[in-house]
Ligand code: NI
């Protein structure tokens, strides 16, 4: 496995529509393993193949372990994922993106989705996800279509920057957004 470099927001490859995966085999498995390793190394909870410069429809996700959610604490690899059902109920949540470091925003997403996909070995899978995992799937599937979370933001106050704290720097007031449980980037 290897850590791949992550593309940043001005890279035109992040704006292209990724192509369906047609070839299953060791190269695809190696790419998925690299994406999982890259996501974990960057402290992310999701990563889409275009973010590592591969314009194929593949995403990985892993939301932090939470006792109330049996889908948390697990690695997901979804090939050619498609949202086949989504709740009409939308919820607001804070998102970040490994391709847009230090920026966060409030984005409305469906509270739950049903995603149809293939496993890395080409086996059909269907997952009903809610909450944070549903949000991550929606964010990553957007990446496969060249869409970034900032595209969903309509009010300037819903997007802000949080620079990492310098070593030894004193914390004054907690940022207004700190109370909103800032999401790990995806
Ligand atoms: Ni992202």
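The values are calculated or read from the model by the stated rules, or taken from the named source; none is laboratory data. These figures come from a predicted structure and were not determined experimentally. In this analysis, Cβ positions are derived from the backbone assuming ideal geometry, glycine residues included, and neighbour counts consider all displayed protein chains.
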Exactly one of 126, 135 is part of a helix (DSSP H, G or I) and either touching a residue at least 40 places away in the same chain (Cβ under 8 Å) or away from the ligand (no atom under 16 Å from the Cβ) (or both), and that residue is 135
For segment 34-53, give me each residue that is out of contact with any strand residue (DSSP E or B) (no Cβ under 9 Å at 6 or more places or on another chain) and without any contact (Cβ under 8 Å) to a residue 40 or more places away in the chain. 34, 37, 40, 41
Where residue 69 falls short, out of the listed (1) in contact with a helix residue (DSSP H, G or I) (Cβ under 6 Å, 6 or more places away or on another chain); (2) within 16 Å of residue 45 (Cβ to Cβ): (1)
Is segment 164-184 home to any residue that is within 16 Å of the ligand (Cβ to nearest atom) and at pLDDT 95 or above? no
Segment 16-47 - residue that is within 15 Å of the ligand (Cβ to nearest atom) and over 13 Å from the mean Cα position of the chain (by Cα) and, of those, surrounded by the most Cβ atoms within 10 Å (Cβ to Cβ): 18
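Restricting the search to segment 78-97, which residues are farther than 12 Å from residue 140 by Cα and out of contact with any strand residue (DSSP E or B) (no Cβ under 6 Å at 6 or more places or on another chain)?
Those that are farther than 12 Å from residue 140 by Cα and out of contact with any strand residue (DSSP E or B) (no Cβ under 6 Å at 6 or more places or on another chain): 88, 89, 91, 93.
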Any pair with Cβ under 6 angstrom, 6 or more apart, that starts in segment 76-103 at a residue that is within 30 Å of residue 28 (Cβ to Cβ) and in contact (Cβ under 8 Å) with a residue 60 or more places away in the chain and ends at one that is assigned to a loop (DSSP other than H, G, I, E, B) and away from the ligand (no atom under 14 Å from the Cβ): 80/20; 80/21; 80/57
Taking only segment 145-161 into account, find how many residues are within 11 Å of the ligand (Cβ to nearest atom) and touching a strand residue (DSSP E or B) at 6+ places or on another chain (Cβ under 8 Å). 2
Quick one: which strands (runs of 3 or more DSSP E) sit completely within segment 48-107 and have at least 1 residues that are loosely packed, with under 13 Cβ neighbours inside 10 Å? 76-86, 90-96
Return the pairs, sorted by first residue and then second, in which the second residue is assigned to a loop (DSSP other than H, G, I, E, B), the first residue lies in segment 1-22 and is under 27 Å from residue 123 (Cβ atoms), the beta carbons are less than 7 Å apart, and the residues are 6+ apart or on different chains. 17/145; 17/146; 18/55; 18/57; 19/55; 19/57; 20/57; 21/57
